[in-house]
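One structure below.
The values are calculated or read from the model by the stated rules, or taken from the named source; none is laboratory data. Note that the structure is a prediction, hence the values are computed from the model and not measured. Every residue, glycine as well, gets a Cβ built from its backbone with ideal geometry; the counts of neighbours run over all protein chains shown.
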Amino acid sequence: MKLDYLFSRREGAVGRRSSRSEPRFAGVPSMRGGLPALPDEAAEPYSTPMERAARGSYRIDPRNMSPRQLADWAHEMYLCRMLAWEEYCMAGFPPELHPHYNRTVGALTGKLAQPDAPRNMIRVWEERLSFMLRYYDADEPDVLRVEKLLRLLRQQI
């Protein structure tokens, strides 16, 4: 892979400009486009997620999303700069995806991990927000992060 465009950013540093253009971030045209793990039927089978996101060919159903799909969605939102690092850490690593979940949390609660079982993620995060509001101030950073995640999930409907 040639990286000539990296060394020709300043015209004064290198006497010539490369004819190649620098790669550009395609971005997401709107929040409605979203970046979930559910591609439309019209999407090309061999296009990359970022290419599909630029065309807006992803759809999302946060009311029928598994923890694994939530992690993928949060990762794509972080890559598109819709989530900050702290928000991504909160949403992008569901506990059920941890390899030792069944031996730790699952042993205490009596429920085995089901990382691919769909559930209503809006309801899950609303319950988390109500729990946090009971024990934290409304202006705590973690409460504000959960509110932002809920806003983003609700915009995907």
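Numbers for the structure displayed
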read-out: Selection count where residues are charged (D, E, K, R) and farther than 20 Å from L150 by Cα, scope region 86-124; value: 3
read-out: Elements of type helices (runs of 4 or more DSSP H) in region 65-132, at least 3 residues being loosely packed, with under 14 Cβ neighbours inside 10 Å; value: 85-91, 105-109
read-out: Residues within region 133-157 that are in a loop (DSSP other than H, G, I, E, B), under 17 Å from the mean Cα position of the chain (by Cα) and either surrounded by 13 or more Cβ atoms within 10 Å (Cβ to Cβ) or modelled with pLDDT of 95 or more (or both), tallied; value: 1
read-out: Residue identified as touching a Phe, Trp or Tyr at 6+ places or on another chain (Cβ under 6 Å) and small (G, A, S) among A107, A113, A138; value: A113
